[in-house]
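The values are calculated or read from the model by the stated rules, or taken from the named source; none is laboratory data. Small disclaimer: the values here were computed from a predicted structure and weren't measured. All Cβ positions, glycine included, derive from the backbone under ideal geometry; neighbour counts span all protein chains shown.
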Amino acid sequence: MPPKKKKDAEDNDPMMKAARFGRVKNTLTMGFVGLPNVGKSSLTNLLAGASHAEAANYPFCTIDPNVVQAIVPDKNFKYLAETFKPPSVVPAVLKITDIAGLIKGASEGAGLGNAFLSHIAAVDGIYQLIRAFDSDEVIHVDDSVDPIRDLETIQGELCAKDKDALGKIEDKERERVRKEKGLSRSAVPPLSDTFVDAFSKCTKLIDSNTPVQTGEFTSAEVDLIRDWGLITTKPQIYVVNLSRKNFIRKGSKWLPKINQWIKEHGGGQIIPVSVEFEDELFNVKDDPEAQKAVLAQAKEDALAAGLKGPQAEVRSMVPRLIRAGRQALCLQSFYTAGPKEVRAWTIMKGTLAPQAAGTIHTDFERGFIKAEIASFDDFKALHAGQASMAKVKENGKYRQEGKTYVMQEGDICVFMHNTTTGKKK
Ligand SMILES: Nc1nc2c(ncn2[C@@H]2O[C@H](COP(=O)(O)OP(=O)(O)OP(=O)(O)O)[C@@H](O)[C@H]2O)c(=O)[nH]1
Ligand SMILES: [Mg+2]
């Protein structure tokens, strides 16, 4: 199911560019990567909204990678569920793996070493969690809080792993060319220009501790690199774990330095969070009044710290983290909505209608005839309170789309197909 429009979209959309090396699947996974004790398990729990992963104050408490599913916050989906009021409501989820802490030397087997790097290799996108909070109670593996040193360590390990892989890739390519040209084992065979260019660009990035993902490559180079299995080709989001105080006052002496470091290493999205503050909110998740009180207190603290107007508003970063993860993986939703069920289905950007139908049932893809589609915005503007498409149809906004239709975010769909398992879904 290769997204057909990918190449055009890449030029305009930095997120599509980030996904150019990735697998094409609807079930992609984000993974938390970082030093031990930076809050990865705590944040994974928060994103999952439940205590799936054990969070404890000692390094390496996560031994096995722990996969959770975070519900994707989506107000349009909520609107559909509230309109149709069906007995079954199924939101989209983002798979997130809580990977155990990496330490210096992991690429050579230190700590729990290479096993973790293979867990990183298994995810499709990375949240790199960086500790910027001070706490006497929470041990730092390197004894002090220094996010820049930590970034160097983590990125260094990921790059070291790729450096290692690149060496093998070059050997393999030479071997392949030798065989192809019938050369002896001692001969040094010529490599293609594309290979040499792609290889030297990757090497240069890796040697400067910069993810390959951030590099500029031709599409021929991308096609080669995609098969090399480099872990720094995965889209990466930098997540900075601040103390409650610094998160609320939107400042920390580390933030400008972190920004600068990331800029000098290929750039990337940075999301500040505070596990401490998120925990506080999460502890009262079943009590709306108490939640309001936590947010009001945070606002008061922000005002006291000198912030003004909208700057003083404090909110949970959990929804943004989940949405950003999904965007990094180039995933989007379409909906099915009816009296029995409202459901959000996950597909990759650029997916065509038949493949989207196939996420519901493979028969729908095989026997695809057409899709009937209304955009969420049209539905919302036109449905006039009704839990049906009648008004949308009346207004000519209920479209028939064929096999080449590229699905759009928020499409509400009915797929028509001619297999024997029933006519509609
Ligand atoms: N004060 C403070 N403590 C935190 C914060 N985030 C996490 N912690 C604490 O730090 C300890 C380690 O947190 P975890 O979430 O288990 O850390 P981890 O990154 O998963 O660690 P490993 O699994 O060992 O790699 C726990 O006791 C957490 O409660 C934070 O923002 N502030
Ligand atoms: Mg952990």
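Across region 373-396, the number of residues qualifying as closer than 28 Å to THR419 by Cβ, crowded, with 17+ Cβ neighbours inside 10 Å and not small (Gly, Ala, Ser) comes to 5.
Residue by residue through region 246-279, note down the ones that are surrounded by fewer than 16 Cβ atoms within 10 Å (Cβ to Cβ) and farther than 30 Å from GLU216 by Cα. If the condition is that a residue be surrounded by fewer than 16 Cβ atoms within 10 Å (Cβ to Cβ) and farther than 30 Å from GLU216 by Cα, then LYS250, LYS253 are the ones that fit.
Candidates in region 32-65 are the residues that are among the β-branched types (Val, Ile, Thr) and modelled with pLDDT of 65 or more; of these, the one that is farthest from ligand 1 (Cβ to nearest atom) is VAL33.
For THR29, the conditions (1) of a type outside the set (Asp, Glu); (2) within 13 Å of ligand 2 (Cβ to nearest atom); (3) at pLDDT 90 or above; (4) surrounded by fewer than 24 Cβ atoms within 10 Å (Cβ to Cβ) are fulfilled apart from (2).
Looking only at residues in region 110-144 that are more than 11 Å from ligand 1 (Cβ to nearest atom) and in a loop (DSSP other than H, G, I, E, B), the one that is nearest to CYS330 (Cα to Cα) is ASP124.
Residues that are of a type in the set (A, V, I, L, M) and assigned to a loop (DSSP other than H, G, I, E, B) within region 180-231 comprise LEU183, ALA187, VAL188, LEU191, LEU230, listed in sequence order.
Quick check, is VAL314 part of a loop (DSSP other than H, G, I, E, B) and hydrophobic (A, V, I, L, M, F, W, C)?
Considered against the rule, which asks whether it is part of a loop (DSSP other than H, G, I, E, B) and hydrophobic (A, V, I, L, M, F, W, C), VAL314 comes out as yes.
Scanning region 289-319 for residues that are free of Cβ contacts under 8 Å to residues at least 12 places away in the same chain and aliphatic (A, V, I, L, M) gives ALA290, ALA293, ALA296, LEU303, ALA304. Filtering region 66-103 to residues that are away from ligand 1 (no atom under 16 Å from the Cβ), in a loop (DSSP other than H, G, I, E, B) and either surrounded by fewer than 17 Cβ atoms within 10 Å (Cβ to Cβ) or not small (Gly, Ala, Ser) (or both) leaves VAL72, PRO73, ASP74, LYS85, PRO86, PRO87, PRO91. Once region 127-136 is narrowed to residues that are touching a Leu at 6+ places or on another chain (Cβ under 9 Å) and more than 15 Å from ligand 2 (Cβ to nearest atom), the residue that is nearest to ASP227 (Cα to Cα) is ALA132. The number of residues in region 234-285 being outside any helix (DSSP H, G or I) and within 19 Å of VAL145 (Cα to Cα) comes to 15.
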